[in-house]
1. Please compute one quarter of the surface area of the Cα convex hull for the chain and express it in square nanometres.
2. Could you tell me the calculated FRET efficiency between Glu37 and Glu144, based on Cβ-Cβ distance and R0 = 41 angstrom, to the nearest 0.05?
3. Could you tell me which of the pairs Lys26/Lys331; Lys121/Lys322; Lys169/Lys199 are separated by over 24 angstrom between their Cα atoms in the structure shown?
4. When only DSSP loop residues count, what trypsin sites (Lys or Arg not before Pro) in the stretch 294-340 have their Cβ near at most 16 other Cβ atoms within 10 Å?
5. Once R0 is set to 41 Å, what does the formula 1/(1 + (r/R0)^6) return for the Cβ-Cβ distance between Met1 and Asp80, expressed as a FRET efficiency to the nearest 0.05?
6. For the stretch 1-142, state the average projected area of the convex hull of the C-alpha atoms over all orientations, rounded to one decimal in nm².
7. Where does the stretch 54-103 land on Rg/Rh, using Cα atoms and the Kirkwood Rh?
8. Hey, what number do you get for the chain at 222 nm if only DSSP H runs of n ≥ 4 count, each worth -39500 (n - 2.57), divided across all residues, to the nearest 500?
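The values are calculated or read from the model by the stated rules, or taken from the named source; none is laboratory data. Note that this is a predicted model, so its numbers are computed, not measured. Glycine gets a Cβ as well: all are built from the backbone with ideal geometry, and neighbour counts include every protein chain shown. All accessible areas refer to the heavy atoms of the entire protein, side chains included, with ligands and DNA or RNA removed. Shrake-Rupley method; radii C 1.70, N 1.55, O 1.52, S 1.80 Å.
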Amino acid sequence: MDARITVLPGDGVGPEVTAEAVACLKAVAERFGHHFEFQKALVGGAAVEATGDPLPAATLDLCRTSDAVLLGAVGGPAWDRHPRDQRPESGLLRLRQALGLYANLRPVAVHPALEDASPLKPEVVRGTDLMFVRELSGGLYFGEPRSYSDDAAVNTLPYTRREIERVAKVAFELALGRRKNLVSVDKANVLETSRLWRKVVDDLAPAYATVTVQHHYVDSFAMALITRPRDFDVVLTENLFGDILSDEAAVLAGSLGLLPSASLGGSVGLFEPIHGSAPDIAGQDRANPIGTILSAAMLLRHGLNLEVEALAIEAAVDRVLKAGHGTGDLKGARHPHGTRSLGALIREAIRPPRAKAPRLADSAYAWCGSPEGHRSKL
Ligand code: IPM
Ligand code: MG
């Protein structure tokens, strides 16, 4: 396959982690005989410095005309005092919106080798395998009116039936390919938007009769998530709740640095780790590249429809973790590494000594849970 991939390294540790993910994609191309062309562009603070705009038109054009986009991270203290439209984060939000990406998939699995890496008890986290589906282009992040003065500020939380329905369908479809269990998270005891959210999910449920649907209030779900995470499968949330809960869920996995994401819904998908730019460790070869490398696997699966290739990356990460390798954020890793040497180990594990393609069962990071799992673009 020929594919054009736009790479947006961004700020902080972004350039370091995307470099490792691109190297893994090159190893995949070599192993499976594909031709991937990579083009770098500016986003976030790096783009503000170079052009004054966190999402320059040239970057958006390149993304729109490529087959998939891989992003590192945006933000940092240097831009904290900038007005909203010149903050790195607003570049990312505009990019998500411009590409029509309304469904953000954030898988959270606990690797058997990392059961002790979480501050939670191993018997609580063991076997956790969640798929968050976060609504990404609506809600408080984009709602109007919004305003700020030093005396009063306004944000608005709007959702339409159509916006809820399209992301809920993604969650139902994913549940069908997994353990057929869907939790929808809301605050329907207080918020009108949440009442509508719940109604739309209930209206869709009969069309997915084999999927069990539960509703949870976000406050009690925040507690259930870290006390009995194994009880859940697919978790559907609005934008801000999903942002918060997915960082919380990272505690289960052992480190925020492990978790990937895929943003889907438009004609081009965006793939990025869920962590931020970590300016405190930027440029020190300390960042964990696994979240971005697993995002590259999601890019192969959801962006390019290359399932076996995605599994090859996931199996490589799996093997490297199983052997006790890890960056400093992974408590208890027997073999400590920097960003580059951990990336190199994973890349090497992608290249065949064995010519046999990995089977789904070989990988603890086989996110979609079943061979017939959801893998297409939306
Ligand atoms: C995330 C991040 C972003 C978000 C920021 C950087 C705008 O926290 O992807 O989770 O809030 O969506
Ligand atoms: Mg976040």
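1. Values: hull surface 72.0 nm².
Answer in nm², one decimal: 18.0.
2. For R0 = 41 Å, the calculated efficiency reads 0.60.
3. Over 24 Å apart, Cα to Cα: Lys26/Lys331.
4. Lys331, Arg334
5. Values: r = 42 Å, r/R0 = 1.02.
Given R0 = 41 Å and the Cβ-Cβ separation, E is 0.45.
6. 10.9
7. Reported Rg/Rh, Kirkwood definition of Rh: 0.99.
8. -11500 deg cm²/dmol
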